[in-house]
Amino acid sequence: MIVTFLGTAAADAFPAAFCRCRNCQQARTLGGFSLRKRSSLLVNDDLIIDLGPDIVAASQIHGCSLTNVRYCLQTHPHADHLDLSHLLARGPDYGTVGARLLSFYASTQTLQRASETFRTDLAGYDLLSAYAETRLNLKIHQAKPLEPLAFGNYRVIGFPANHAPEMGALLYSVESGGHAIFYGTDTASLSGQTWQTLHQQQMQFDLVILDHTYGPHQSESDHLSATQIIEHVQRMRREGLLKPDGRAYATHISHEGNPAHPELAAFAQQNGYQVAYDGLVLDI
Ligand SMILES: [Zn+2]
Ligand SMILES: [Zn+2]
Ligand SMILES: [Zn+2]
């Protein structure tokens, strides 16, 4: 699998629009890897995790077309992960007529939220209707937690996130061609049930990507912090969930407690993981 990080920031983006904190000022000065768009991940050229608000900008800046995307795994409906207006560009007025069907997977609760937002704020019709599926060349699927899904060359499992429980937030494992990745944002520390299921499913990841909303001197809330990432990565390696040569990357990085990229990357390197940046491409 080829994995492209379309964005690696938490909800505010980094630097945040009007913020003059030390971290945002440092990121503006340094530019480059320190400039982060809202989190989203492209797998090969046909699977996207989260239709985030910055995916079009990411596609333009990093030169990765989204026109071949056939599958979307949606973690949850928070605005930094889901901008439903992208779906309007699949309507009959756009150059998508005759294009491949987009299969959109999300939890029941996420679909309900998306349906409300889509009808009231965007389109005036129901996203979950046959009309929407035909008009937008779209197929909506419910992703049930812990139930494997198979489509194309992929096998996927959604794991309950420790985040926005009323929205049915999911983390995803994606397997293809004998390799596996885990996309673990947004979440606080993984639940006992998720750890147990990772073992029951005999997951052995080549790449683990985790929520790094909070930095080295902060504690977790409904997101992970650096300290929890270090513990999670160590445990995954110890318990064989992360292969001996497997890689661990941080994403969903907030300006609140994380320094600009070079300083954060150096901290991570010393602590057994790495920090993703926008446009990073990994061959798994
Ligand atoms: Zn988020
Ligand atoms: Zn800031
Ligand atoms: Zn969230």
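Can you pull the Kirkwood radius for the stretch 1-72, inverse mean 1/r over Cα pairs, to one decimal in Å?
Values: mean 1/r = 0.0783 Å⁻¹.
One decimal place: 12.8 Å for the Kirkwood radius.
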_Using protein chains only and a probe of 1.4 angstrom, how many square angstrom of His199 are accessible, to the nearest 10?_
80 Å²
*Starting from the amide H of Gln274, placed 1.01 Å from N in the peptide plane, find each other amide H under 5 Å away whose residue is 5 or more places distant or on another chain.*
Ala248, Tyr249, Ala250
*How much FRET efficiency would the formula 1/(1 + (r/R0)^6) give for Ile61 and Arg155, where r is the Cβ-Cβ distance and R0 is 30 Å, rounded to 0.05?*
0.45
*What length, rounded to one decimal in nm, is gained on full extension from Leu122 through to Arg237, with 0.36 nm per residue of separation minus their alpha-carbon distance?*
37.0 nm
*Working from Cα positions, state the angle (0 to 90°, nearest 10) between the long axis of helix 261-270 and the longest principal axis of the chain.*
60 degrees
*Please report, in debye to the nearest 20, how large the charge dipole of the chain is about its Cα centre when each Lys and Arg carries +1 at its beta carbon and each Asp and Glu carries -1 there.*
260 debye
*Asp222 - accessible surface, heavy atoms, 1.4 Å probe, Å² rounded to 10*: 70 Å²
*Accessible area (Å², per residue) of the chain, counting only protein heavy atoms and a probe of 1.4 Å*: 42 Å²
*Per-residue HN-Hα couplings for the stretch 176-192, Karplus 6.51 cos²θ - 1.76 cosθ + 1.60 at θ = phi - 60°, whole Hz, x for Gly and Pro?*
6, x, x, 10, 9, 10, 10, 9, x, 8, 8, 6, 7, 3, 4, 6, x
*Rounded to the nearest 10 Å², what accessible area does Arg22 show when all protein chains are kept and the probe is 1.4 Å?*
150 Å²
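Considering every pair of different Cα atoms, what Kirkwood radius, in Å, is found for the chain?
About 19.0 Å for the chain.
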*With axes computed from alpha carbons, what is the tilt in degrees of helix 108-117 against the longest principal axis of the chain, rounded to the nearest 10 within 0 to 90?*
70 degrees
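Taking only DSSP H segments of four or more residues, each worth -39500 (n - 2.57), what value at 222 nm results for the chain once the sum is divided by all its residues, to the nearest 500 deg cm²/dmol?
Details: 8 runs with 69 residues, N = 284.
Per the formula, -6500 deg cm²/dmol.
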*How big is D, in µm² s⁻¹, for the stretch 63-151 by Stokes-Einstein at 37 °C and 0.692 mPa s if Rh is the Kirkwood radius over C-alpha pairs?*
241 µm²/s
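The values are calculated or read from the model by the stated rules, or taken from the named source; none is laboratory data. Please read all numbers here as calculations on a predicted model, not as lab measurements. Note that we place each Cβ from the backbone using ideal geometry, even for glycine, and neighbour counts take in every protein chain shown. Side chains are part of the model used for accessible areas, which takes the heavy atoms of the whole protein and leaves out ligands, DNA and RNA. Shrake-Rupley method; radii C 1.70, N 1.55, O 1.52, S 1.80 Å.
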